[in-house]
1. Is one or more of the residues making up segment 153-161 surrounded by fewer than 11 Cβ atoms within 10 Å (Cβ to Cβ) and at pLDDT below 90?
2. Give me the pairs: first residue in segment 9-35 and modelled with pLDDT under 85, second residue part of a loop (DSSP other than H, G, I, E, B) and among the polar types (S, T, N, Q), beta-carbon distance under 7 Å, and six or more apart or on different chains, which are they?
3. Which of the following residues is at pLDDT 90 or above and either outside any loop (DSSP other than H, G, I, E, B) or over 14 Å from the mean Cα position of the chain (by Cα) (or both): Ile134, Ile139, Ile166, Ile185?
4. If the Cβ limit is 6 Å and pairs must be 6+ apart or interchain, which residue in segment 141-165 that is within 27 Å of Tyr86 (Cα to Cα) and touching a residue at least 60 places away in the same chain (Cβ under 8 Å) pairs with which residue that is part of a loop (DSSP other than H, G, I, E, B) and small (Gly, Ala, Ser)?
5. Could you check segment 36-52 and list, in sequence order, the residues that are at pLDDT below 90 and among the hydroxyl-bearing types (Ser, Thr, Tyr)?
6. Just checking, how many residues over segment 71-117 are assigned to a strand (DSSP E or B), touching a residue at least 60 places away in the same chain (Cβ under 8 Å) and not hydroxyl-bearing (Ser, Thr, Tyr)?
7. Restricting to segment 79-121, and then to whatever is modelled with pLDDT of 75 or more and of a type in the set (Ser, Thr, Tyr), can you tell me which residue is nearest to Ser158 (Cα to Cα)?
Amino acid sequence: MIDNVLNILKNKLNDSENGLKDQDGEIAVVDDIAKHEDDTSGLDNKVVITLLSVEEESTMKNTPRYHQVKVGDIPVRYDLESAPAYLNLYVMISANRARYSNALINISKVIEIFQVNNVLEYGSTPETSFKFRIELHPIPFEQLSYVWGLLGGKVMPSALYKISVIKIAPEKDPVKIGLIDEVHIKSIKVD
């Protein structure tokens with residue numbers, strides 16, 4: 001699921017109409033920017049989308065786990081579903097370009113694209129589709145320095161985005177629970 005979301009971002013950045021293009025074609029890729037100095041990485045002159053962190057959205061933890069199944073307007077049963085995980089993704093988009101001016105142009109274009117398209121949708125059917133929000137996430141200089149230190153030390157033009165809320169649910173059938181339609185009371189004799 002996370003890889004699908006990152007690929008949606010990549011496709012939006014490589015969009016033929018308003019996306020990032022150069023004479024070599026599409027330049028946005030999903031990869032680990034920490035590998036940028038590896039000769040075989042293929043990340044030269046690319047805009048790289050890298051997942052930095054995943055956190056659970058705590059406000060969504062207490063959603064109901066029962067889903068009412070109806071036939072017409074009459075409730076038939078409740079299905080117990082596994083609780084989905086609602087996630088926030090922190091994604092670094094870095095411009096690893098040979099010319100610094102091209103890197104600045106690319107990061108500006110990334111910010112422009114996601115400013116206009118800050119809500120994207122994933123999924124092909126109404127039952128499986130969901131929307132997620134993309135917002136520019138500020139990071140203090142000290143933390144930015146720490147992040148780039150972990151990623152290999154070479155600082156390049158980049159933008160950090162928070163993508164929320166990604167729903168990840170298990171793909172198993174829910175437990176079917178019937179409605180209570182009769183109550184039997186057993187009397188107990190108390191001496």
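1. Yes, the conditions are met somewhere in segment 153-161.
2. Within 7 Å, the pairs are Leu20/Asn14; Glu26/Asn14; Lys35/Ser41.
3. Of Ile134, Ile139, Ile166, Ile185, the one residue that is at pLDDT 90 or above and either outside any loop (DSSP other than H, G, I, E, B) or over 14 Å from the mean Cα position of the chain (by Cα) (or both) is Ile134.
4. That search, which allows pairs on different chains as well, returns nothing.
5. Those that are at pLDDT below 90 and among the hydroxyl-bearing types (Ser, Thr, Tyr): Thr40, Ser41.
6. The qualifying residues number 14.
7. Ranking the qualifying residues of segment 79-121, first place goes to Ser94.
The values are calculated or read from the model by the stated rules, or taken from the named source; none is laboratory data. The model shown is predicted, which means the values in this text are computed figures rather than measured ones. All Cβ positions, even for glycine, are placed from backbone atoms using ideal geometry, and neighbour counts span all protein chains on display.
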